[in-house]
Amino acid sequence: MRIFDPHIHMTSRTTDDYRAMYDSGVRALVEPSFWLGQPRTSPESFFDYFDALLGWEPFRAAQYGIAHHCTLALNPKEANDPRCTPVLDELPRYLVKDGVVAVGEIGYDSMTPAEDTALAAQLQLAADHGLPALVHTPHRDKLSGLRRTIDVVRESALAPDRVLLDHLNETTVKDAAESGSWLGFSIYPDTKMDEDRMVAVLKEHGTEKVLVNSAADWGNSDPLKTRKVGDAMLAAGFGADDVDQVLWRNPVAFYGLSGRLQLDVPEPEALHEGNSILRGGE
């Protein structure tokens, strides 16, 4: 089983997770920029983070045979902090980088006017740079938040079929599918979706344009949830081709819209005395 996790925050995970993910079949991933758990206080902290997603994490992932890509954005939660909004002016110089395969995570957290502004601006940036967009739908008031998101997408210069609406569930999948966008589902141990609910959604709505992710982060999450969905699909009677479509071909097709996917992982270089990371030097 080959797996492409289209949404996982490896900044918050250990090298043991990379090893376990590879052993479970993960060969590629996308890491969206996100809130780090406490407020950033200046744009410069975003830029250091973006640089890590473009340099350090791809290096770390390659040590374990996994192709790493990222999406960059001002995330919805921090779009409400005027100390952070200057990030919008600097994003264009990052969005031209080879490892960036979408603008994201963008969308709504609390559905404020500031979030309206940031979402519209970043959908325009995606259109300007020929990139798709990864859109975070809110964890509260999900259906109204999704419908508001769809309205903003329709008013933007970015076509719906270049948008991935993420964190969907049973209450939002119908509206999301009717919008013409791609459908993203996050599988968690306690919150969001689980494997059995995901299988039920796939039985009702099919596998077309559906992406399944672990969205693993600092909290109680599991970077192997993608594999567990694949196993649950097989146990429920789906074929191997269905699993491959959901866990590999669909994320490759969506992020391939960027023209920047690089799925071949270079052989790791030999490091000093068997170390797994570089230390010091120029």
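No lab work stands behind these numbers, since they all come straight from the coordinates. Keep in mind that what you see is a predicted model, and the values were worked out from it rather than measured. Neighbour counts are summed over all protein chains in view; Cβ atoms, including those assigned to glycine, are modelled from backbone coordinates with ideal geometry.
Structure notes:
- GNM top mover of 41, 149, 85 - the chain, alpha-carbon springs below 10 Å: 41
- Sequentially through segment 188-201, phi angles give Karplus couplings (6.51, -1.76, 1.60; θ = phi - 60°) of 10, x, 10, 10, 6, 9, 10, 4, 5, 5, 5, 4, 5, 5 Hz, Gly and Pro residues having no value and appearing as x.
- Here the 3J(HN,Hα) profile of segment 6-15, calculated from phi with Karplus coefficients 6.51, -1.76 and 1.60 at θ = phi - 60°, is x, 6, 8, 9, 5, 3, 9, 10, 9, 5 Hz, Gly and Pro shown as x.
- Centre-to-centre, using Cα atoms only, segment 75-128 and segment 155-169 are separated by 14 Å.
- Tail fraction, Cα-Cα pairs, segment 3-268, threshold 26 Å, whole percent: 35 percent
- Order of 183, 165 - criterion: other Cβ atoms within 10 Å of each residue's Cβ, fewest first: 183, 165
- Relative contact order of the chain, pairs being alpha-carbon contacts under 8 Å that are 6 or more residues apart, as %: 20 percent
- Histogram of C-alpha separations across segment 27-185, 5 Å bin width, %: 2, 10, 20, 22, 21, 15, 9, 3, 0
- Nearest-20 debye value, the chain charge dipole, Cβ charges on Lys, Arg, Asp, Glu: 280 debye
- Each of 207, 137, 15 was scored by other Cβ atoms within 10 Å of its Cβ. Listed from fewest to most, they are 15, 207, 137.
- Ellipsoid semi-axes in whole angstrom, largest first, where each is sqrt(5λ) of the Cα gyration tensor of segment 32-111: 23, 13, 12
- The chain: antiparallel DSSP beta bridges as a percent of all, rounded to 5: 5 percent
- Among 257, 164, 263, the ranking by other beta carbons within 10 Å of each residue's beta carbon, starting with the fewest, stands as 263, 257, 164.
- Measuring against 22 Å, Cα to Cα, the residue pairs 174/203; 97/225; 77/142; 142/174; 77/228; 142/192 contain 97/225; 77/228 as the ones spanning a longer distance.
- Selected from 8, 251, 191, residue furthest toward positive end of dipole (segment 3-268; charges at beta carbon): 251
- Taking only Cα atoms of segment 157-258, radius of gyration then Dmax in Å: 13.0, 42
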